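Structure record follows, encoded as structure tokens.
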């Protein structure tokens, strides 16, 4: 068995594990039973470990980091969301947040599964150390925004959830959820800024121009502006609550369109990823 066959097996198991985790989280949320939520956390952590192993094996098999085509970026994007959730939101108090984050991870993994897994030689424009810096910062940024998206959806639904002993244990208060979303967006915004800066430097070295108004560059800038407005209004006007949550939801929709929408519907020099 070669490395890429092993990666395919690991990826398939990972996808199933993320699906199981998402289903368990939904059962936990719907039935208000502790056991499915506890199992969901363990399954998601196991899926993340298997996911990491799959990426490592593909890196070895391809002889480079898996960051250069739609399949590789999609699976790394999902990994970034899982990493952010595992680090920032796996506490018992945030367990219900997995109900909103795990399905997003699975959907992005599902998108990755529909892409070609073939390993091709890097095109000249991608044969640069800037590839690793640029795409790695995008994965961290998008992963943070993915968790903030899940947290914002939960915030918008929080008032409709009947308060009881179960919710007090596993559902964060709206104020705490709002702060988590703010921190995740601040962290993601920092790395999104690095994405744009490193992309501009790389573009100058590859094509002789820092900015070309390519569709992906333009939509990355639109996404950056949306999150910049969110942070500006929060800091200067004290925006909290539903308005901030809606901004986070819209921002992540722009993230998804920047990656999937542009690649699918708009001709771009970034169509490889």
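Scanning region 62-73 for residues that are crowded, with 21+ Cβ neighbours inside 10 Å and either at positive phi or assigned to a helix (DSSP H, G or I) (or both) yields 71, 72, 73.
The set of residues in region 158-182 that are surrounded by fewer than 14 Cβ atoms within 10 Å (Cβ to Cβ), more than 21 Å from residue 41 (Cα to Cα) and touching a helix residue (DSSP H, G or I) at 6+ places or on another chain (Cβ under 9 Å) contains only 159. Considering the conditions (1) closer than 20 Å to residue 184 by Cα; (2) buried (at least 20 other Cβ atoms within 10 Å of the Cβ); (3) modelled with pLDDT of 85 or more, residue 259 is excluded by exactly one of them, (3).
Scanning region 26-56 for residues that are surrounded by fewer than 16 Cβ atoms within 10 Å (Cβ to Cβ), within 24 Å of residue 11 (Cα to Cα) and more than 19 Å from the chain's Cα centre (by Cα) yields 38, 42.
Looking for whichever is within 18 Å of residue 148 (Cα to Cα) and either part of a helix (DSSP H, G or I) or within 17 Å of the chain's Cα centre (by Cα) (or both) here; the options are 59, 21, 76. Which one fits?
Of 59, 21, 76, the one residue that is within 18 Å of residue 148 (Cα to Cα) and either part of a helix (DSSP H, G or I) or within 17 Å of the chain's Cα centre (by Cα) (or both) is 76.
Restricting attention to region 204-232, the residues that are in a helix (DSSP H, G or I), in contact with a helix residue (DSSP H, G or I) (Cβ under 8 Å, 6 or more places away or on another chain) and without any contact (Cβ under 8 Å) to a residue 60 or more places away in the chain total 14.
Regarding residue 4, is this residue assigned to a helix (DSSP H, G or I) and modelled with pLDDT of 95 or more? Here the answer is no, as residue 4 does not meet what is asked. Filter region 194-208 down to residues that are closer than 14 Å to residue 135 by Cβ and modelled with pLDDT of 85 or more and give me whichever is nearest to the chain's Cα centre (by Cα). That would be 195.
Kindly establish whether residue 96 is in a helix (DSSP H, G or I), in contact with a helix residue (DSSP H, G or I) (Cβ under 7 Å, 6 or more places away or on another chain) and closer than 23 Å to residue 119 by Cα.
no
The values are calculated or read from the model by the stated rules, or taken from the named source; none is laboratory data. No experiment lies behind these values; they were computed from the predicted model shown. Quick reminder, even Gly has a Cβ in these numbers, built from the backbone with ideal geometry, and neighbours come from all protein chains shown.
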